[in-house]
Amino acid sequence: MTEHLSTPGGLTLRPWRADDAPGVRTAFSTEQMERQTARPVTDLTASRRWLAERTEEWASGRTYSWAVTGREGLLGCVQVGSVDHNHGCGWVSYWTVEAARGRGVATEGVTALAGWAFGPLGLYRLELGHRVNNPASCRVARRAGFAVEGLQRGKLRYGEERHDVELHARLATDPPPG
């Protein structure tokens, strides 16, 4: 599989490395990001464990997670998980560090990831979802060429609060974004 992907905007998508541990810890230090993981990533040990899990998932063919980097270093993560080669489907997720938000990093990363997933990985359909109260994530999905397909009521739970999720999908046959 491809080791690095480059985007037209100068970003690089690459597999995670051990020296990403401090950046991962920092990324997950905000309240918004804390709730995105099954286990807290609050110190370097937890960050290294998170990185090891990404490496194991890649090796298993279940999930392909990429660090999104730029001149400033680590900017975020894009991944395609729940890969089903039988049906040619995968689930896309993404996050950015606080300093990279609102700069198009997630859109550029997701667009590059989709190109790779439809190309070398050989998938046909990519899905993603976002909380309906997260308009920034919706903009990423739409700008990366993912069409709205519906609403999943009460899908996510953070603490005691449930959130509806808007489902988006993109097919290999869809026109490129933009």
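A short reminder: the numbers here are calculations on the coordinates, not readings from a lab. Everything numeric here is computed off the predicted structure, so don't read it as measured data. Backbone-built Cβ (ideal geometry, glycine too); neighbour counts: all protein chains shown.
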How much length is gained if the chain between GLU31 and THR45 is pulled fully straight, taking 0.36 nm per residue apart and subtracting their Cα-Cα distance, in nm to one decimal? 3.1 nm
Restricting to DSSP H runs of at least four residues, report the calculated mean residue ellipticity at 222 nm for the chain, -39500 (n - 2.57) per run over all residues, nearest 500 deg cm²/dmol. -8500 deg cm²/dmol
Name the longest site-free stretch of the chain, where the excluded sites are trypsin sites (Lys or Arg not before Pro) in a DSSP loop with no more than 15 other beta-carbon atoms within 10 Å. 104-178
Give me the three principal axis extents of the range 88-178 from the C-alpha atoms, as integers in angstrom, largest value leading. 41, 30, 20
Could you work out the longest stretch of the chain that avoids the GluC sites (Glu not before Pro) located in DSSP loops with at most 12 other Cβ atoms within 10 Å? 73-159
